[in-house]
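Below is one structure, written out as structure tokens, with a few remarks after it.
The values are calculated or read from the model by the stated rules, or taken from the named source; none is laboratory data. Keep in mind the model is a prediction, meaning the values are calculated, not measured. Positions of Cβ are backbone-derived with ideal geometry, glycine not excepted, and every protein chain shown enters the neighbour counts. Heads up: the accessible areas ignore ligands, DNA and RNA and are worked out on the full protein's heavy atoms, side chains in. Shrake-Rupley method; radii C 1.70, N 1.55, O 1.52, S 1.80 Å.
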Amino acid sequence: MTLLSIQNLKAHFHTEDGAVRAVNGVDMDIEEGEKLGLIGETGCGKTVLGLAILRLLSENTTVEGRILYKGQDILTMSDHEIRKIRGKEIAMIFQNPLSSMNPVLTVGTQVAEPVELHQHLKKKDAMQRVIEMLKSVKIPLPQERVKEYPHEFSGGMRQRAMIAMGLICMPSLIIADEPTTGLDVTIQAQIIELMKEVLRDSGTSMLLITHDLTVAAELCDHIAVMYPGEIIEYASVRDLFKDPKHPYTRGFLDSLPDRGLKPIAGISPSLIDLPAGCKFHPRCSLATERCRKERPELIKVGIKHYVRCFLYD
Amino acid sequence: MKKFIARRLAIAVIVMLGASLLSFLLLYLAPGNPAHAILTAQLGHDPSLEEVAFFMAKHDLNNPFLVQCSQWLYMITHVNLGMSFRTGEPVLVEFIDRFPATFELASASMLIAVLIAIPVGILSALKQNSMLDHISRLVSLLGVSMPNFWLGLLLILFFSLKLGWFPCFGYGTLSHLVLPAITLGTGLAAPLMRLMRASMLEVLRQDYIRTARSKGLSEQVVMWKHGFKNALIPVITHMGMQIGHLLAGAVIVETIFAWPGVGKFLVDAIYARDYPVIQGFVLIIALFFVLSNLAVDILYTYLDPRIRYDVENGK
Ligand SMILES: Nc1ncnc2c1ncn2[C@@H]1O[C@H](COP(=O)(O)OP(=O)(O)O)[C@@H](O)[C@H]1O
Ligand SMILES: [Mg+2]
């Protein structure tokens, strides 16, 4: 069953320099229990897409399209309704746990908030839940650590606390934004192991946002590749590595360390001044006249494999 | 923490000694002879040369600078601020007599400032660029740029002379307190409000506010539980530093409204060249300044858990 269905989603920021078109017509489904990786270069709109799902974008943003959660459009919900979804049905794990946690509240207080709010637990019971949760994300001495403040935690422990905070209400969908970015390599590996473990048994779906394809490959079933504001390829992890279709995806794979570290020529376009037609055409060696004029649609090229490129038309 | 406080108190002693030595030096170098000034006031006519000489000798004013300095140091280290030239009373007693009036004025002003600045600053931030925001910013800009004495005179003109609602000077009843407290309070409120607004806006931009919203918390909980305490930290610092300025402001406001507090007595002492009073009061005001800053630093550790003074290098 489809849990979340994003249809023709657009998110534009109004700034002094003009409209920043961060998300430009994204179509994407997440099935129940599916782990979907959203990958793309820094600045291509991944975080904005994640925030749009929970309606957490700032006031100066126009969001269009539909985000159907269990059939209900999140974008037309009342403020009251969306607050019942946040933290309870869909939770978010943010990039950079240090700045994403309140410096003047204890970790315990912050992790407890979702259960106090949505499951109406009393402070004491909530704290008991928090301690169990911290134990399950392998934070040592949880009874002591709930009383500490975020700055007293190490980077890895903070990320674990963030994960606990996201999972404490057992949401149906968790959006994890770069959960391993900024951590030491060994800590990164530990967090990936932990996420594998906590997600394996729960039926929770996940949207994993990352610029690191290897992290997505470890944790996800399917991968959506984003290029300025669009999904340009969608495939299972296996298909994506074995048989990438889009010239950008191929270039992205070739730029990985174990595949030769060959960077893609050119730079990503500015979101204020996006090229017409296929957004990748200025960097694409196979571009034709048509690519400069028309925007390609997502084309089915295999079982659950889609690509936005005229080569397969 | 104990070590921190001890170190700060040691610094406080140095600051106070420095401040009083400086004021001593300024007086020594300033033109005007205390004997002449005080005797003229006391006698009602110019004193004779003998009278001046007698006064100078009696108060050790003929001694060389360094001797006078060390006499002063000897005295204050024995908790003795000397006697006022004018009244003949001990300086400490003069201060203690007048302190309640100043304390009353200062607390009322601070209260007015806090009651105006914090709610308006927060509302202004939450409703950024609304009519309320524009008006409150304009008013606070006026408040920041308008000198205290000017506002005080305007208030006297309007509310006291024209409308007759409040007495224009004096001390004793609550209605005497209104105009001076408003004068001093609005002067404090204006910068405080701007700071509260800016600080709240800054906090609302932080990632942890977004995290709080992502849990489904209502806007009220996000503002008060997650925003307010963080936004208050710089505001409290500012208020702590304002305590010193509050005393300086009191000097002016007390003079305008003939408020019988420390500030007015200090101004009178300056006109009269009443050296012991000036030096003693400067010393006590410096003490207040240092202690209030210390109190704010200690309060800090309760507001912001990241600040701990007992950890090595952990500032
Ligand atoms: N509030 C905002 N106002 C204007 N531009 C924004 C805002 N938030 C994000 N952007 C821009 O949107 C683009 C996409 O950002 P983001 O989604 O964070 O990228 P990433 O894929 O690295 O997560 C960036 O160029 C960023 O500058
Ligand atoms: Mg991002």
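Evaluate E = 1/(1 + (r/R0)^6) for B:LEU17 and B:SER175, where r is the Cβ-Cβ distance and R0 equals 60 Å; express this FRET efficiency to the nearest 0.05.
Step by step, r from the Cβ atoms, then E = 0.90.
What is the range B:99-271 by shape, rounded, prolate or oblate, if you read a ≥ b ≥ c off the alpha carbon gyration tensor as root eigenvalues and call it rounded for a/c under 1.5, prolate for a/b larger than b/c, and oblate otherwise?
Values: a/c = 2.86, a/b = 2.16, b/c = 1.33.
Because a/c hits 1.5 or more and a/b exceeds b/c, the range B:99-271 counts as prolate.
Mind checking the dipole of the protein assembly as shown: about its Cα centre, +1 per Lys or Arg Cβ, -1 per Asp or Glu Cβ, Debye to the nearest 20?
Computed about the Cα centre, the dipole is about 900 debye.
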Projected onto the charge dipole of chain A (unit charges on the beta-carbon of Lys, Arg, Asp and Glu, signs +1, +1, -1, -1), the Cα from A:SER154, A:VAL137, A:MET28 with the largest positive-side position is that of A:VAL137
In nanometres, what is the gap between the two model label sites at A:LEU68 and B:PHE103, each 7 Å from Cα along Cα-to-Cβ?
-> 7.2 nm
Within straight cross-link reach of B:LYS264, meaning Cα distance under 18 Å, which lysines are found once same-chain residues fewer than 8 apart are removed?
-> none
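Determine the sum of side-chain charges near B:VAL253: Lys and Arg each +1, Asp and Glu each -1, restricted to other residues whose C-beta is under 13 angstrom from that of B:VAL253. Kindly include the intermediate steps, with their values, before the conclusion.
On the way: positive: B:LYS264; negative: B:GLU104, B:GLU254.
After counting each charged neighbour, the total is -1.
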Charge dipole (debye, nearest 20) of the range B:99-271; +1 at Cβ of Lys and Arg, -1 at Cβ of Asp and Glu | 660 debye
What net charge is computed for the residues neighbouring A:MET101, neighbours being all others with C-beta under 15 Å from the C-beta of A:MET101, Lys and Arg scored +1, Asp and Glu -1?
-> +4
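If you count the DSSP beta bridges with both ends in the range A:161-300, what percent of them are antiparallel, to the nearest 5?
Details: 6 of 11 bridges.
Counting only bridges with both partners in the range A:161-300, antiparallel ones make up about 55 percent.
Just want to confirm a number: the relative contact order over chain A, from Cα pairs under 8 angstrom separated by 6+ residues, in percent.
Working: 577 pairs, mean separation 64.5, N = 313.
This gives 21 percent for chain A.
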Computed [θ] at 222 nm, helices only, for chain A once each DSSP H run of length n ≥ 4 contributes -39500 (n - 2.57) | -9500 deg cm²/dmol
Using the Karplus equation 6.51 cos²θ - 1.76 cosθ + 1.60 (θ = phi - 60°), what ³J(HN,Hα) coupling, rounded to whole Hz, does each residue of the range B:51-67 give in order, writing x for Gly and Pro?
-> 4, 4, 4, 4, 4, 4, 5, 4, 9, 6, 7, 8, 5, x, 3, 5, 5
Per residue of B:212-225, count partner chain C-beta atoms within 10 Å of its C-beta, then hand back the mean as an integer.
-> 6
Can you list the HN-Hα couplings for the range A:113-119, worked out from phi with the Karplus curve (6.51, -1.76, 1.60; θ = phi - 60°), rounded to whole Hz and with x for Gly and Pro?
-> 3, x, 6, 4, 6, 8, 10
Hey, could you pull the Cα Rg and Dmax for the protein assembly as shown, both in Å?
-> 34.5, 116
So what's the angle, to the nearest 10 degrees on a 0 to 90 scale, between helix A:123-136 and the longest Cα principal axis of chain A?
-> 60 degrees
Rounded to one decimal in Å, the inverse mean reciprocal Cα-Cα distance for chain B, i.e. its Kirkwood radius, is 22.5 Å
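What is chain B's relative contact order, in percent, from Cα pairs under 8 angstrom and six or more apart in sequence? Spell out each step's value before the answer.
Details: 342 pairs, mean separation 85.6, N = 315.
It comes to 27 percent, rounded to a whole number.
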What is the Cα convex hull volume of chain A when expressed per residue in Å³?
-> 140 Å³
Of the residues B:ILE285, A:CYS44, B:PRO234, the Cα lying farthest along the dipole of the protein assembly as shown towards its positive end, which is defined by charges on the beta carbon of Lys, Arg, Asp and Glu, belongs to A:CYS44
Residue among A:GLY71, B:PRO276, B:VAL253 farthest towards the positive dipole end of the protein assembly as shown, charges placed on Cβ = A:GLY71
Percentage relative contact order, the range B:99-271, counting C-alpha pairs under 8 Å, at least six apart | 33 percent
What does the helix-only formula give at 222 nm for chain B: each DSSP H stretch with n ≥ 4 adding -39500 (n - 2.57), the total divided by the residues, and the result rounded to the nearest 500 deg cm²/dmol?
-> -24500 deg cm²/dmol
So what is log10(I(q)/I(0)) for the range A:45-101 at q = 0.16, 0.28, 0.29 1/Å, when the Debye sum runs over its Cα atoms only?
-> -0.53, -1.37, -1.41
How far is helix B:131-145 tilted, in degrees, relative to the longest principal axis of the Cα atoms in chain B, given as a value from 0 to 90 rounded to the nearest 10?
-> 20 degrees
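Taking a ≥ b ≥ c as the square roots of the eigenvalues of the Cα gyration tensor of the range B:184-315, is the shape rounded (a/c under 1.5), prolate (a/b larger than b/c) or oblate?
Details: a/c = 4.79, a/b = 2.08, b/c = 2.30.
Oblate, since a/c reaches 1.5 and b/c is not below a/b.
State the three equivalent ellipsoid semi-axes of the range A:95-170, derived from the C-alpha gyration tensor as the square roots of 5 times its eigenvalues, in descending order and whole Å. Walk me through the intermediate numbers first.
Working: eigenvalues 63, 32, 26 Å².
Its equivalent ellipsoid spans semi-axes of 18, 13, 12 Å.
What percentage of the solvent-accessible surface of the range A:70-121, computed with a 1.4 Å probe over protein heavy atoms, is contributed by carbon and sulfur atoms? Don't skip to the end; give the middle numbers.
Details: 990 of 1990 Å².
That share works out to 50 percent.
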Restricted to the protein assembly as shown, the DSSP antiparallel beta bridge percent, nearest 5, is 65 percent
Return one number: the angle in degrees, 0 to 90 and rounded to the nearest 10, between the long axis of the Cα atoms of helix A:155-167 and the longest principal axis of the Cα atoms of chain A.
-> 90 degrees
Here the net charge surrounding A:ASP243, from other residues whose Cβ is less than 15 Å away from its Cβ (Lys, Arg +1; Asp, Glu -1), is +4
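Per residue, how much accessible area does the range B:1-114 show when a 1.4 Å probe rolls over the protein heavy atoms, in square angstrom?
Working: 6910 Å² over 114 residues.
Each residue of the range B:1-114 exposes 61 Å² on average to a 1.4 Å probe.
Suppose R0 equals 51 Å. What FRET efficiency, 1/(1 + (r/R0)^6) with r the Cβ-Cβ distance, do B:LEU201 and A:LYS262 give to the nearest 0.05?
Details: r = 45 Å, r/R0 = 0.89.
Using R0 = 51 Å, I get an efficiency of 0.65.
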Estimated distance in nm for a label pair at A:ASP254 and B:MET56, the labels positioned 7 Å out from Cα along Cα-to-Cβ = 9.8 nm
Project the alpha carbons of the range B:58-138 onto their principal axes and report the range along each, largest first, in whole Å.
-> 67, 27, 21
Top mean-square fluctuation among A:ASP73, A:ASP221, A:ASP201, Gaussian network model of chain A, C-alpha springs under 10 Å?
-> A:ASP201
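About the Cα centre of the range A:95-170, what is the dipole size in debye to 20, counting +1 per Lys and Arg Cβ and -1 per Asp and Glu Cβ, all else neutral?
Numbers: 10 positive and 7 negative charges, 28 e Å.
Magnitude of the dipole: close to 140 debye.
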